[in-house]
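Read the structure below first, then the notes.
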Amino acid sequence: MIVRQAHHKLIIYTDGGSRGNPGLAGVGVVICNNKGQKIKEYSKDIGERTNNEAEYEAVIFALQKVKQLFGKEKTKNYEPEIRMDSQLVARQLKGEYKIEEEKLFPLFIKIWNLKMNFGKIDFVEIPREKNREADRLANEAMDKRETKSMF
């Protein structure tokens, strides 16, 4: 008899933003259980990036945080559904759009390598208004950086 490990679904909201494109950039991540209840949220200043780079960095950051949170061994049993409001990035990650910007290749590969740690990953495009929490966190990271550079 084969005993199959139960897969745990995670819902992860990610958002990356850039002020200036390229400019001051930040990412926001909200990790929820399969019922949509928040487990953790994170925001991070990522220096200077374009909007698209920031969106990719948000996904990378999210997957790294899940790995830290649950441990590398357990992540094999997790099936994250990554929700983002960037149509371009969601469709590139699903293989529906070609990657034209050379700067995005290494980020795409980084996500591809991180995917190996998980059961299955879905990338889902959602309307911006359904991604408010992650957007707020990305903006918080950018605001903190702007405040620091003022003094």
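The values are calculated or read from the model by the stated rules, or taken from the named source; none is laboratory data. Owing to the predicted nature of the structure, the values given are computational and were not obtained by experimental measurement. With ideal geometry, Cβ positions are generated from the backbone for all residues, glycine too; neighbour counts draw on all protein chains shown.
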Just to be sure, is Tyr56 in a helix (DSSP H, G or I), buried (at least 24 other Cβ atoms within 10 Å of the Cβ) and in contact with a helix residue (DSSP H, G or I) (Cβ under 6 Å, 6 or more places away or on another chain)?
yes
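Could you list all residues from segment 10-21 that are under 20 Å from the mean Cα position of the chain (by Cα) and modelled with pLDDT under 95? Outline the logic, then answer.
Kept after step one, since they are under 20 Å from the mean Cα position of the chain (by Cα), are these residues of segment 10-21: 10-19, 21.
Once the filter is applied, which keeps residues that are under 20 Å from the mean Cα position of the chain (by Cα) and modelled with pLDDT under 95, segment 10-21 yields only Asn21.
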For Lys115, all conditions in the list (1) in contact with a helix residue (DSSP H, G or I) (Cβ under 6 Å, 6 or more places away or on another chain); (2) closer than 13 Å to Ile60 by Cβ; (3) charged (D, E, K, R) hold save one; what is the number of the exception?
(1)
Pick from segment 60-115 the residues that are within 20 Å of Asp45 (Cβ to Cβ) and of a type in the set (S, T, N, Q): which of them is surrounded by the most Cβ atoms within 10 Å (Cβ to Cβ)?
Ser86
With the checklist (1) farther than 20 Å from Asn139 by Cα; (2) buried (at least 23 other Cβ atoms within 10 Å of the Cβ) in hand, flag the one item Gly26 doesn't pass.
(1)
Which residues, taken from segment 111-127, are under 15 Å from Glu79 (Cα atoms) and in contact (Cβ under 8 Å) with a residue 12 or more places away in the chain?
Ile111, Leu114, Lys115, Asn117, Phe118, Gly119, Lys120, Ile121, Asp122, Phe123, Val124
Being farther than 19 Å from Ala141 by Cβ and acidic (Asp, Glu) narrows Glu101, Glu41, Glu55, Glu48 down to just Glu101
